Structures are given as structure tokens and as C-alpha cells.
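Below is one structure, written out as C-alpha cells; comments come after it.
The values are calculated or read from the model by the stated rules, or taken from the named source; none is laboratory data. All values derive from a computational prediction rather than experimental measurement. A quick note on method: Cβ atoms are made from the backbone with ideal geometry, for glycine too, and the neighbour counts reach across all protein chains shown. The area values use the complete protein model at the heavy-atom level, side chains included, leaving out ligands, DNA and RNA. Shrake-Rupley method; radii C 1.70, N 1.55, O 1.52, S 1.80 Å.
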Amino acid sequence: MAALVDTRRVLLKFKGFPQLIPRRYRVKKKWAATLPRITSTKLALQNFDVNYGTQFGERWPSIRVSLLSEQKYGALINNFSSAQELMKGLELQGARDFVYEARARTWSPGSVGGKPRGDEELVWSSSLAAGQSGSEVPLSSQVGEGMEMAAATEPPSLSPNIKCFTFPKGDITGFSPARLDGSGLLGYYLLDAASVLPVLALDVQPGHTVLDLCAAPGGKTLALIQTQACWRLAANDSSVSRTGRLRRILQSYIPREHSTEDRVRITSFDGRRWGELESNTFDRVLVDVPCTTDRHSLLEEENNIFTRSRSKERQTLPLLQSHLLLAGIKAALPGGVVLYSTCTLSQLQNECVVERAVQVAHEELGVTVHIEDLSPLTQLFRDTFNFAQGMRLGELVLPHLTSNFGPTYFCKLRRVN
């Protein structure tokens with residue numbers, strides 16, 4: 001027993017010198033197979049520092065801080081609830097309807113109190129029609145070979161039924177959770193206010209058939225229904241669990257008579273095959289593709305695409321996004337509009353995907369697609385969002401501490417033939 005005690009004392013004495021400890025007493029430190037050496041959020045931050053640091057240069061530190069800070073939200077008003085009383089309450093809190101204010105900027109100077117008088121038509125401001133995109137390079141020289149950019153010649157058409165309240169720049173006040181009204185419907189839906197921009201850019205008109213190819217979790221689908229212009233809406237997502245969540249959201253906001261199967265059709269098909277299932281069918285197609293969801297990847301470990309088990313999925317994202325956009329183009333009618341959007345800053349998932357899809361559509365499918373200029377739309381919302389300057393294709397909302405929305409990228413395409 002004494003000899004054993006002496007041996008333990010020797011081992012403790014030479015703990016810092018493993019070469020002096022007999023091999024059979026040495027312990028090799030092992031990592032569990034399920035324990036990552038670095039968290040997914042830290043891996044995402046390292047990835048962004050390398051890629052976005054190069055892409056944005058000196059602007060990246062500001063964007064980085066904003067992404068890591070608390071996000072700002074908007075309140076999308078539910079027109080099927082007691083909307084008027086709700087909006088008055090939000091205005092008393094200091095919130096404002098940024099869509100209404102943008103529409104007011106296109107009204108004639110003769111309007112009274114910021115509203116048109118009688119049946120007075122909206123007048124397009126020449127400064128907005130100029131489409132100031134922050135770049136002096138002509139649009140025709142910014143797009144790739146075989147691609148065409150359609151310049152904006154008319155004012156952007158904003159749905160009068162979409163109402164989204166935000167607090168002014170620099171105001172970090174948050175919205176309280178929505179409450180049920182007398183009819184059992186929630187008054188508003190909290191979302192990144194920049195998510196409303198793709199729906200506004202899609203420009204749904206009364207009687208249109210609309211496809212939301214990647215609909216879950218449901219914020220943009222709900223905004224599409226709020227336009228009250230969709231004759232028929234197809235909301236699809238490849239995940240059955242996510243479409244289940246979509247159904248629950250619509251039940252909380254939309255009366256049953258407005259969400260029947262003949263009006264809102266919810267499916268769980270592989271979006272890449274939609275062009276084969278229903279080609280040349282829809283007036284408007286929204287393709288809000290899966291992406292690296294930059295803000296979520298930096299803040300949440302759960303369902304993080306930067307986990308080691310999802311590395312292959314992350315690497316093949318641009319290919320998946322291209323296939324989904326091509327499916328959306330094929331599903332659109334000739335003359336129809338396709339809106340591509342993401343919530344990432346990545347050029348590989350934004351402009352590069354659009355360029356690739358347009359090229360493949362032209363060369364392999366014989367389909368010509370024009371990319372439309374969205375700079376007049378961004379000019380209307382420059383007081384609410386921080387837009388990236390000098391974009392070659394589409395528009396990008398950059399997070400900023402005074403207006404911490406986004407990131408949201410969106411690009412409008414029109415199928416010609």
C-alpha cells in the first residue's frame with residue numbers, strides 16, 4: 001500500500017512532464033465525435049470575415065457590427081383584422097407606415113395633407129424616374145453578355161393594401177407581440193421589414209395567378225395575400241414540417257373563406273421540378289430561395305447551416321438556387337415577372353445565381369429574360385433602408401445600426417418569350 005501511495009505522489013509531482021510518466025499511466029485527451037472544436041456561429045463569422053471583408057472592404061466592419069446586434073423589425077398589418085384601430089395605436093407609439101410614406105412621394109405637389117385630392121392621379125417625380133443607382137456606369141454595360149437590363153420608364157406600382165409599420169431610423173423601440181382581435185385573428189405579423197420589398201417589387205395586380213416557390217415560414221406569403229390581388233396563390237415548400245408551420249400562420253391571420261383551396265393552394269413539392277409540373281402558368285413568381293441566412297448563422301446554433309454535418313449542403317447552395325430560379329422562370333407566363341430574393345450578402349448566392357440562370361435559360365431553354373431596373377423603387381425607400389451602392393444586378397439592403405434591417409437581396413426578372 002505504501003508503494004502505491006508513493007507511486008501516486010510521483011505521478012502528481014511529475015504531472016507537467018508527461019515524458020517522465022510511464023506509458024501505461026498516460027492519458028490521451030480525446031474529443032467526442034459530437035463535440036465541435038468551434039461553434040457554428042464562430043465558423044460562420046470567420047467565413048464572413050474572409051469573404052465579406054474582401055467583398056465590402058472598409059464597409060464590412062460596420063455591417064459586421066450590425067449583423068451581430070439586435071435586429072430591427074416591422075409590423076405587417078393584417079387587413080382582415082381590426083386594422084384601423086391598430087394602426088392608430090402604432091402611430092401613437094411613434095411608428096410609421098413606410099409603404100404609405102413612399103407612395104405619398106409619388107403624389108403630385110398639389111395634394112393636400114400628403115394625400116391626393118379626389119381622383120387626382122399620381123405624378124411620377126423626374127428625380128426618381130432618373131433611377132439613381134449610385135453608379136455612373138450605364139446599365140447596359142453592367143450586365144453580362146447575352147443579358148439585357150430594362151430601364152425603368154414608369155413609376156413603381158405599390159400595392160395600397162400592404163401596410164408595414166416601422167420605427168424611425170435610430171429608434172430601437174420594439175413592437176409588442178400581436179394580440180387576437182374580436183374575430184380571433186392576429187393584428188400584425190412581425191418580420192424583417194426589408195422582406196416586404198420583394199413583394200412590393202413583384203407588383204401583383206388584381207386577377208394575377210401567383211406562385212411562391214419557397215414559401216415557408218410564411219412572411220412573404222402573408223404579404224402576398226394582404227395585397228388582396230391574387231386570384232389564385234400557390235404556396236410551395238419542399239419541407240413538410242415547414243409547410244405545416246405555414247398553414248398555422250395563415251390560420252392565425254386569414255379568415256377561412258379567404259384561404260380555401262381554390263384561392264390558396266399549399267404544397268410540398270421539390271421546387272426544382274415545378275417548371276415541369278406547371279410551366280407557362282403564373283403571372284407572378286416569387287423565388288425566395290434557401291441561403292446561408294447570414295444573420296441567423298451568426299446568432300443561432302440551432303439549424304445553423306455552418307454545422308459540420310451541413311458543409312456539403314452549404315457548398316451546393318448556389319447550384320440549388322440556380323435550379324430553383326430556372327424552375328420559376330419556366331413556371332412564369334411569357335411576359336410574367338419572376339422575383340428572386342435571398343437574405344444573404346453573398347455575391348455567389350445573389351448576382352452570380354441570377355447571371356447563371358439567365359444564361360442557362362437563354363442557351364438551353366431558348367427563353368429570353370430581361371432584368372428590370374429597381375433603382376426607382378429603392379429611391380422611394382431610401383429613408384427607411386440602407387441600400388448598397390453600385391449593384392450590377394438587383395438591389396441589396398445592408399444592415400446598419402441606425403436601420404438594422406436585412407440583409408435582403410432581390411432582383412426582378414421578366415420573361416419575354
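Quick look at the numbers
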| item | result |
| --- | --- |
| Failed item, numbered, when Ala229 is tested on (1) modelled with pLDDT under 95; (2) touching an Asp or Glu at 6+ places or on another chain (Cβ under 6 Å); (3) closer than 25 Å to Glu372 by Cα | (2) |
| Residues within the range 261-270 that are open to solvent by 30 Å² or more (accessible area, probe 1.4 Å) and at pLDDT 90 or above, tallied | 5 |
| Total residues in the range 312-335, condition surrounded by 19 or more Cβ atoms within 10 Å (Cβ to Cβ) and under 20 Å from Val204 (Cα atoms) | 7 |
| Test: residue in the range 105-126 that is in a helix (DSSP H, G or I) and modelled with pLDDT of 55 or more | no |
| Within the range 297-320, considering residues that are assigned to a helix (DSSP H, G or I) and free of Cβ contacts under 8 Å to residues at least 12 places away in the same chain, the one farthest from the chain's Cα centre (by Cα) | Ser309 |
| Qualifying positions in the range 42-86 - among the basic types (Lys, Arg) and either in a loop (DSSP other than H, G, I, E, B) or exposed (fewer than 15 other Cβ atoms within 10 Å of the Cβ) (or both) | Lys42, Lys72 |
| Any pair with Cβ under 9 angstrom, 6 or more apart, that starts in the range 266-277 at a residue that is touching a residue at least 60 places away in the same chain (Cβ under 8 Å) and ends at one that is crowded, with 16+ Cβ neighbours inside 10 Å and of a type outside the set (A, V, I, L, M) | Trp274/Asn236; Trp274/Gly328; Trp274/Lys330 |
| Subset of the range 360-386 [under 21 Å from Leu158 (Cα atoms) and open to solvent by less than 20 Å² (accessible area, probe 1.4 Å)] | Ile371, Leu374, Ser375, Pro376, Leu377, Thr378, Leu380, Phe381, Thr384, Phe385 |
| Any hit, the range 179-188, residues being at pLDDT 90 or above, over 25 Å from Arg248 (Cβ atoms) and either β-branched (Val, Ile, Thr) or in contact with a helix residue (DSSP H, G or I) (Cβ under 6 Å, 6 or more places away or on another chain) (or both) | no |
| Number of the condition not met by Val199 [criteria: (1) at pLDDT 90 or above; (2) in contact with a strand residue (DSSP E or B) (Cβ under 6 Å, 6 or more places away or on another chain); (3) open to solvent by less than 30 Å² (accessible area, probe 1.4 Å)] | (2) |
| Hits in the range 271-281 - residues which are open to solvent by less than 100 Å² (accessible area, probe 1.4 Å) and outside any loop (DSSP other than H, G, I, E, B) | Gly271, Trp274, Gly275, Leu277 |
| Residue check for Ser183: over 26 Å from Phe282 (Cα atoms), hydroxyl-bearing (Ser, Thr, Tyr) and without any contact (Cβ under 8 Å) to a residue 12 or more places away in the chain | no |
| Any hit, the range 340-355, residues being more than 18 Å from the chain's Cα centre (by Cα), modelled with pLDDT of 95 or more and not small (Gly, Ala, Ser) | yes |
| Residue that is least open to solvent (accessible area, probe 1.4 Å), among those in the range 87-101 that are in a helix (DSSP H, G or I) and among the charged types (D, E, K, R) | Glu101 |
| Options Arg414, Arg392: the member that is among the basic types (Lys, Arg), open to solvent by 10 Å² or more (accessible area, probe 1.4 Å) and at pLDDT below 95 | Arg392 |
| Some residue of the range 336-343 being in contact (Cβ under 8 Å) with a residue 12 or more places away in the chain, touching a Cys at 6+ places or on another chain (Cβ under 9 Å) and over 27 Å from Gln205 (Cα atoms) | no |
| Matching strands (runs of 3 or more DSSP E) fully within the range 360-417 where at least 3 residues are within 19 Å of the chain's Cα centre (by Cα) | 395-397, 408-415 |
